[in-house]
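These notes concern the structure reproduced below.
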Amino acid sequence: MGQGSATTALFGMTAAELRELMESLEERPYRATQVATALYKQRVGSLEEISTLPAAVRAKLSEAGYAVGLPELAQTARSVDGTERYLVRLADGETVETVWMPEGDGAAGEEEVEPHVSEARHGAPRFKRATICVSSQVGCAVNCQFCLTAKLGIKRNLTAGEIAGQVAAVLNRHDVVVGSMKGQGSPDRINLVFMGMGEPFLNYDAFMDAVRLLNGEMGIAMSRMTVSTSGIEPAIRRFAEEPARPNLALSLNASNDTVREAIMPITRKWDIAALLDAVRAIPLGKREYVTFEYVLLGGVNDQPEHAREVLALLRPSQQAGRGPQPGMPAKVNLIVWNPGPGIAFRQPAPEDVAVFHRMLVDGGIPTFTRKPRGRDIYAACGQLKRTVEDEPPPELVAISL
């Protein structure tokens, strides 16, 4: 749908909503199933591509003001490492950014996978495994001081269809096979991280509706999804009550409230203790864990004393069944701060990153230093900002562990 379009998107509707729509058009209920299959399994881009529907039914939908309504990948930037950042245009002309990372980002011990010999469309190498970073809001209201997205402020929430639609549009670009539809071949391994623009838990209902669409209708396993939150305590408790949910990543980013409040003002509302208490309420399976993300800022939160404080906060959570926080296994993802224009921080020294990492591991916390992906095109963590023109590449720091 283009800017100013008056059509209503079919993509994002649930099976029940599609049945109601077909009933209102005096069509048989099975037509709703045909539409749902076309939208979420075949990922069609237009009504004309729904070949299972008679032309008369497609015309009826169009005349009633309906269109498929997938977001448009309006602009693409490709990194030297294969990462792609997309400027995604929504129906009202607003834009967000979405990122495709072949091989993932190295978090949680992800394995690197060699590309297939064949290529997907647009000349990109064909990968069996990849991660898509998805946005949930136009802009962000949380105002983390180290993040480029914070400079945008908040425009509006995305709908469930706009959130899930980013995934569908990127999957289409790379010819990704999800599930095991007949004739499509073996499924690709796709991970989703809701870590793009916006705070998902400040758009909770639409975010969870999108998750249910992606899982139930599109066939992406819930275990392959991770949502990152800056720490919205009531939403974390609500999340804990969901019968099925993605993995959780809490953006900790500091070892004490004083430092965290300076870089994440939201700490004034919910301090670290409140967030840890909320996280402990999440019932976890035997192989589940909570991820604590920690952006390392040079001279701010990257020293040995900070590592010792992180250990004091999280180490009890490793003592499943024995400590004061039983059954909450945790890991830490360290993220070397990704630079951006107008943000007054610096990257930590490689030796400081190595010491911090080693102290957490030696203290019994599984710790991973995330591989930076797409820094040269402003696609890395904290760099998404609805780029509409070429930017000078940020200065990079080499990290070796």
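The values are calculated or read from the model by the stated rules, or taken from the named source; none is laboratory data. Bear in mind that the values here come from a model prediction, so they are computed numbers and not experimental data. Backbone-built Cβ (ideal geometry, glycine too); neighbour counts: all protein chains shown. Areas reflect the complete protein model, heavy atoms only, side chains present, ligands, DNA and RNA absent. Shrake-Rupley method; radii C 1.70, N 1.55, O 1.52, S 1.80 Å.
Couple of notes before you dig in:
- Which listed residue is open to solvent by 10 Å² or more (accessible area, probe 1.4 Å), free of Cβ contacts under 8 Å to residues at least 12 places away in the same chain and on the phi < 0 side of the Ramachandran plot, from ALA141, ALA150: ALA150
- Residue satisfying all of: in segment 214-229; under 15 Å from the mean Cα position of the chain (by Cα) and open to solvent by less than 10 Å² (accessible area, probe 1.4 Å); nearest to ARG189 (Cα to Cα) among these: ILE220
- Applying the set (1) farther than 30 Å from MET13 by Cβ; (2) part of a loop (DSSP other than H, G, I, E, B); (3) over 20 Å from the mean Cα position of the chain (by Cα) to PRO187 leaves exactly one unmet item: (1).
- Close pairs (8 angstrom Cβ cut-off, 6 or more residues apart or separate chains): in a helix (DSSP H, G or I) in segment 351-373, of a type in the set (D, E, K, R) and open to solvent by less than 30 Å² (accessible area, probe 1.4 Å) anywhere: ASP352/ASP302; VAL353/ASP302; PHE356/ASP302
- Scanning segment 283-297 for residues that are assigned to a loop (DSSP other than H, G, I, E, B) and either open to solvent by less than 10 Å² (accessible area, probe 1.4 Å) or without any contact (Cβ under 8 Å) to a residue 24 or more places away in the chain (or both) gives GLY285, LYS286, ARG287, LEU297.
- Test: residue in segment 166-188 that is of a type in the set (Asp, Glu) and under 30 Å from ASP277 (Cβ atoms): no
- On inspection, ASN172 passes the criterion of being polar (S, T, N, Q) and farther than 30 Å from ASP257 by Cβ.
- Number of the exception - ASN143 against (1) touching a Pro at 6+ places or on another chain (Cβ under 6 Å); (2) in a helix (DSSP H, G or I); (3) not β-branched (Val, Ile, Thr): (2)
- Selection count, segment 46-79, where residues are more than 18 Å from HIS174 (Cβ to Cβ) and either among the basic types (Lys, Arg) or in contact (Cβ under 8 Å) with a residue 60 or more places away in the chain (or both): 4
- Considering segment 69-114, the residues that are crowded, with 16+ Cβ neighbours inside 10 Å, of a type in the set (Gly, Ala, Ser) and outside any loop (DSSP other than H, G, I, E, B) include one that is modelled with the highest pLDDT, namely ALA77.
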